[in-house]
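The values are calculated or read from the model by the stated rules, or taken from the named source; none is laboratory data. In this text the structure is predicted, and so the values were computed from the model without any measurement. Virtual Cβ from ideal backbone geometry, glycine too; neighbours counted across all protein chains shown. Surface areas here come from the heavy atoms of the whole protein model, side chains and all, with no ligands, DNA or RNA. Shrake-Rupley method; radii C 1.70, N 1.55, O 1.52, S 1.80 Å.
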Amino acid sequence: MDIPVRNCVVTPYGRGAGSARVRVFEWLDLLDTEFVVSSYLARSDARPSQLVRRPAAVARAELRLRELANARPQRLLLHREASPLSRGGLERRLITRADFAVYDFDDALQWDYGSGGLARRLAPKAAKALTAVGCADRVVAGCPVLAEWASGFHRDVRVIPSCVTPSAYLRKSQYALHDPPRLGWVGSRDNERCLLLIADALAQVHARTGARLTLIGTTRRSLGPIEDFIDRLAWSESVQRTVLADLDIGVMPVPDTPYSRGKCGYKLLQYGAVGLPAVASPIGVNAEILSRFGMPGPHGPGEWTDAILGLLDSSAATRERHGAQAHQVTCQEYSYQAWLTEWQSALELGTEQPGMVPRCSTS
């Protein structure tokens with residue numbers, strides 16, 4: 001790079017990816033500070049199939065990252081990983097050549113050893129996460145589970161949740177049920193198979209009430225028999241921010257695995273931003289959010305059926321009360337405005353010479 005880089009963000013995804021949008025781009029939207037942003041291919045994912053189809057773009061992205069490291073930025077925010085092809089060396093180089101580097105992560109990358117394909121196994125995320133945590137000047141984790149792990153390798157770890165902007169969502173105003181009732185789910189194609197965990201419960205609720213499920217994500221049918229009562233909408237920022245308010249109940253099933261326990265509860269926060277009553281698996285940070293929302297957290301299929309039917313059978317006033325509490329908690333405790341000062345402090349924005357701690361510690 002021909003000119004000095006003062007502030008830089010490195011992320012493997014573009015704004016279309018939920019993780020990058022929530023953890024990087026929406027924060028930058030709130031700042032006056034100028035950042036150079038490197039987002040690899042600037043796409044919503046970095047799957048091997050994406051890389052294979054775009055060899056020239058991959059080569060440019062790899063060169064750009066090395067040029068950025070050579071530019072020695074004063075302040076660096078690295079989100080998740082620099083390159084899907086790296087085994088940790090590139091992340092180390094970027095972090096150690098910056099004057100002050102913050103590593104941010106919002107998934108249990110430390111337990112992602114590349115299952116699912118040869119390309120993932122050759123460059124597992126776990127090694128990169130460990131390298132980045134050990135080398136960064138500061139670590140920002142999306143939930144307490146991630147922070148607890150990172151604290152074993154770094155002395156300066158801060159928890160900043162994945163946040164939402166409630167004012168960007170259409171607020172739910174009508175709590176009388178649709179006929180038939182409308183359940184809802186929003187997310188990526190990788191996560192929609194979590195709905196199969198509650199397929200029996202959804203089928204029973206449908207049989208008893210006629211309820212249908214609005215899925216905001218991909219339009220490709222992939223969920224077997226429950227597709228008969230699923231209405232699919234292609235995801236976009238505008239769709240998710242307007243359609244959720246027209247649903248009756250949001251759902252968020254997740255498996256009880258180490259990786260899921262490191263999730264940051266973002267779907268629940270979206271439902272809260274809208275004021276939508278919801279049912280979710282009480283896994284990881286979900287349990288805390290559900291408690292604050294005053295909403296049910298079922299475990300097995302039978303509990304899921306009862307929880308959804310319980311909300312559907314309750315009065316409109318009861319559902320409105322649940323929605324109002326969730327909205328208030330989201331605004332006060334999980335919004336960007338609520339955490340802006342803490343996020344700026346974590347990056348030491350406004351500080352001419354950011355502080356430093358020992359690099360590349362292992363304990």
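Side notes on the structure shown:
- Among the residues of the range 162-179, those that are open to solvent by 60 Å² or more (accessible area, probe 1.4 Å) and under 23 Å from the mean Cα position of the chain (by Cα) comprise S167, L170, R171.
- Residue match in the range 209-224 (condition: at pLDDT below 95, touching a helix residue (DSSP H, G or I) at 6+ places or on another chain (Cβ under 8 Å), under 30 Å from Y103 (Cβ atoms) and in a strand (DSSP E or B)): yes
- Taking the criterion of being free of Cβ contacts under 8 Å to residues at least 40 places away in the same chain and closer than 24 Å to E26 by Cα, the residues of the range 314-336 that qualify are Q328, Q332.
- One residue stands out in the range 215-233 among those that are closer than 19 Å to D248 by Cα and of a type outside the set (D, E, K, R): the one that is surrounded by the most Cβ atoms within 10 Å (Cβ to Cβ), namely L215.
- Screening the range 275-343 for helices (runs of 4 or more DSSP H) wholly inside it with 1 or more residues that are touching a strand residue (DSSP E or B) at 6+ places or on another chain (Cβ under 6 Å) and crowded, with 21+ Cβ neighbours inside 10 Å returns the ranges 285-293, 301-313.
- Scanning the range 192-212 for residues that are buried (at least 18 other Cβ atoms within 10 Å of the Cβ), without any contact (Cβ under 8 Å) to a residue 40 or more places away in the chain and farther than 18 Å from L312 by Cα returns a single hit, E192.
- Counted residues, the range 234-259 - those being in a helix (DSSP H, G or I) and open to solvent by 10 Å² or more (accessible area, probe 1.4 Å): 10
- In the range 140-161 there is no residue that is open to solvent by 10 Å² or more (accessible area, probe 1.4 Å), in a loop (DSSP other than H, G, I, E, B), at pLDDT 95 or above and β-branched (V, I, T).
- Yes/no for A108 being farther than 27 Å from A287 by Cβ and either buried (at least 20 other Cβ atoms within 10 Å of the Cβ) or not basic (K, R) (or both): no
- Scanning the range 12-54 for residues that are modelled with pLDDT of 90 or more, surrounded by fewer than 16 Cβ atoms within 10 Å (Cβ to Cβ) and part of a helix (DSSP H, G or I) turns up just one, L28.
- The set of residues in the range 203-245 that are among the basic types (K, R), under 19 Å from P277 (Cα atoms) and touching a Gly at 6+ places or on another chain (Cβ under 9 Å) is empty.
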